[in-house]
């Protein structure tokens, strides 16, 4: 897995007015957590955290503080502005080598489904799954091959091939499926009714 460097400064102010000023100046507040130490409040450049949030890959983070401290961690949680979708806060979880962690891993869909080529609709119901693993086994993403998926078929969590990590989501959770085209059932029913109902031909009164 690729390791990404993230430079940060320790944050000593926590008032609402300061946080607003911070965000207006292109910085984002965050917190580094590690169960063996006290939390560290930090602030980073907005574009630096965006590159870790808006991506389809999971990364190990080498957090570098201005005092020279280096901490290995992962992005654990992110808060967004409900109007602008900008990152307004983030949490980093420190890594202890040899100890399992839980985190979300993005799903990467590959292939052009058979069902879509036949006119079906592709429904991606999950884009991430929760996994538990050792830090050295963290996958950047999980590949989901949907090429052979037909109309009416689905791929569930239990269908994913996993190695060196455990998926914590319910096994029967549907990740992706192919549904029939909209209106297909209705048009089929109308066609069936037309076939079942015979044509009635009225006869005129016979001549006397």
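The values are calculated or read from the model by the stated rules, or taken from the named source; none is laboratory data. Keep in mind that what you see is a predicted model, and the values were worked out from it rather than measured. Cβ placement follows ideal geometry from the backbone for every residue including glycine, while neighbour counts extend to all protein chains displayed.
Checking residue 134 against (1) surrounded by fewer than 18 Cβ atoms within 10 Å (Cβ to Cβ); (2) closer than 30 Å to residue 40 by Cα; (3) in contact with a strand residue (DSSP E or B) (Cβ under 6 Å, 6 or more places away or on another chain): exactly one of these is not met. Which one?
(3)
Yes or no, residue by residue, for (1) within 25 Å of residue 105 (Cα to Cα); (2) touching a strand residue (DSSP E or B) at 6+ places or on another chain (Cβ under 9 Å); (3) in a strand (DSSP E or B):
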site: 1; (1), (2), (3): yes, yes, no
site: 6; (1), (2), (3): yes, yes, yes
site: 12; (1), (2), (3): no, yes, no
site: 42; (1), (2), (3): yes, yes, yes
site: 47; (1), (2), (3): yes, no, no
site: 58; (1), (2), (3): yes, yes, no
site: 61; (1), (2), (3): yes, yes, yes
site: 64; (1), (2), (3): yes, yes, yes
site: 77; (1), (2), (3): yes, yes, yes
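Quick one: is residue 94 under 26 Å from residue 150 (Cα atoms) and over 17 Å from the mean Cα position of the chain (by Cα)?
No, not satisfied.
So which of 20, 36, 55, 15 ends up being exposed (fewer than 14 other Cβ atoms within 10 Å of the Cβ), at pLDDT below 95 and under 27 Å from residue 139 (Cβ atoms)?
Within the list 20, 36, 55, 15, the selection yields 36.
Quick check on region 98-112. Is at least one of its residues more than 19 Å from residue 140 (Cα to Cα) and in contact (Cβ under 8 Å) with a residue 40 or more places away in the chain?
No, region 98-112 has no match at all.
Name the residue that is nearest to residue 9 (Cα to Cα), counting only residues in region 58-69 that are modelled with pLDDT under 95 and exposed (fewer than 15 other Cβ atoms within 10 Å of the Cβ).
Result: 66.
For residue 88, state whether it is within 30 Å of residue 22 (Cβ to Cβ) and either modelled with pLDDT of 95 or more or assigned to a strand (DSSP E or B) (or both).
yes
What number of residues within region 161-173 satisfy the criterion of being surrounded by 14 or more Cβ atoms within 10 Å (Cβ to Cβ) and modelled with pLDDT of 95 or more?
Number of matching residues: 2.
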